[in-house]
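K.L.:
Structure incoming, see below.
The values are calculated or read from the model by the stated rules, or taken from the named source; none is laboratory data. If you're wondering where the values come from, they're calculated on a predicted model, not measured in any experiment. Cβ: placed from backbone, ideal geometry, glycine included. Neighbour counts: every protein chain shown.
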Amino acid sequence: MLATSLLNPHKWVDNHADYLYAYAISRISDDEQARDLVQEVFLAALEKADKFEGKSSERTWLTAILKNKIIDIYRKRSSGLNNAVKVAEKEQEDFFYEDGHWREEHWPKELGFEDTDPLHNKEFNQVLQRCMKKLPKLWLAVFTMKHMEDEPTENICTELKVSSANFWVIIHRTKLNLRACLQKNWI
């Protein structure tokens, strides 16, 4: 039996569109682009159906195509963003002394994640998504690949063309930026 006979493109929208959309929107935070990506995934899958080996489920295969498309977006967003990183670094100077310690007026507050109320979790996720949209594109790409995709550091550095040292600086500053944004908008 051919592996392509395991595919059922006529059912892709019904069976996988919502899942793929949710996956995409959680990583790129752009509704229109997420919808476009899902359509691009279906189109690419149709074009590459003969390469489907049947070693994974249809959904896993479609998700892998989506992941590659998202990485392409990160790569495009991160190219030529060195100036944006410098601007963001300058903005962060207000939070810290020269020795790297917090200024008293910006000292981190407790985040209060102990609340397990699903409504609060939904509200928190909305605030987190808004905070992530404010990040420089390169920071967002690095953070998402590391903490949402669980990509190895070496892969991220290679894909986004950043040094290992720069990677860790970006991760650190992204976390500080997200924490500050969450403290301002959530707590």
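K.L.:
Take the residues of the stretch 45-66 that are in a loop (DSSP other than H, G, I, E, B) and farther than 22 Å from A22 by Cβ: which is modelled with the highest pLDDT?
P.N.:
Out of the qualifying residues, it is K48.
K.L.:
Kindly indicate whether any position in the stretch 45-64 is assigned by TED's automatic domain parsing to the domain that holds L7, touching a residue at least 40 places away in the same chain (Cβ under 8 Å) and under 15 Å from the mean Cα position of the chain (by Cα).
P.N.:
yes
Yes/no per residue for (1) outside any helix (DSSP H, G or I); (2) over 12 Å from the mean Cα position of the chain (by Cα); (3) of a type in the set (S, T, N, Q):
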site	(1), (2), (3)
L140	no, no, no
T144	no, no, yes
E151	yes, no, no
T158	no, yes, yes
V162	yes, yes, no
I170	no, yes, no
K175	no, yes, no
L178	no, yes, no
Q183	no, yes, yes
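K.L.:
Being at pLDDT 90 or above, β-branched (V, I, T), surrounded by 11 or more Cβ atoms within 10 Å (Cβ to Cβ) and touching a Phe, Trp or Tyr at 6+ places or on another chain (Cβ under 6 Å) is the requirement here; does V13 meet it?
P.N.:
no
K.L.:
Being aliphatic (A, V, I, L, M) and closer than 18 Å to I70 by Cα narrows it down to one of V127, V142, so name that one.
P.N.:
Working: V127 fails: closer than 18 Å to I70 by Cα.
Of the residues listed, the single one that is aliphatic (A, V, I, L, M) and closer than 18 Å to I70 by Cα is V142.
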